[in-house]
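Report on the following structure.
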């Protein structure tokens, strides 16, 4: 058991970042199976933009929307649950990182407007629910 609050917080953040990276890597791997790169893919921005523009809507919704939202929920839950005193700042910090990563990705590639809206709703919702669920059972005096 870690008694130092700073070490406990750092460990919680590190754990949640690792879990988020694992989940996002799995999402990308599944995405590559469901919507593979063409054989002549040349790894240029133009080729990537074309690939993203051709994503089936259901793949974007399932993996990019729901998958990223559930990743935000899991990572913010872990950060809050294992952070010092289950403080919500741990989960919010991870949430900010994930929202920033999604915003950067969305700003660089031609995703449809509906997908941007889905991410704007589901990522913060996932973070919020993760923090709330992790704090369940705590009292005002222990938080």
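Below is a table of values for the structure above.
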item	result
Residue satisfying all of: in the range 85-113; over 18 Å from the mean Cα position of the chain (by Cα) and assigned to a helix (DSSP H, G or I); surrounded by the most Cβ atoms within 10 Å (Cβ to Cβ) among these	86
Residue check for residue 16: part of a helix (DSSP H, G or I), surrounded by 10 or more Cβ atoms within 10 Å (Cβ to Cβ) and without any contact (Cβ under 8 Å) to a residue 60 or more places away in the chain	no
Which listed residue, of 106, 30, 66, is closer than 30 Å to residue 136 by Cα and modelled with pLDDT of 95 or more	66
Cβ pairs under 6 Å, 6+ apart, first in the range 121-132 and surrounded by fewer than 21 Cβ atoms within 10 Å (Cβ to Cβ), second in a helix (DSSP H, G or I)	129/73
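The values are calculated or read from the model by the stated rules, or taken from the named source; none is laboratory data. These numbers come from a predicted model, not from an experiment. Here the Cβ is made from the backbone with ideal geometry for all residues, glycine too, and neighbour counts use every protein chain on show.
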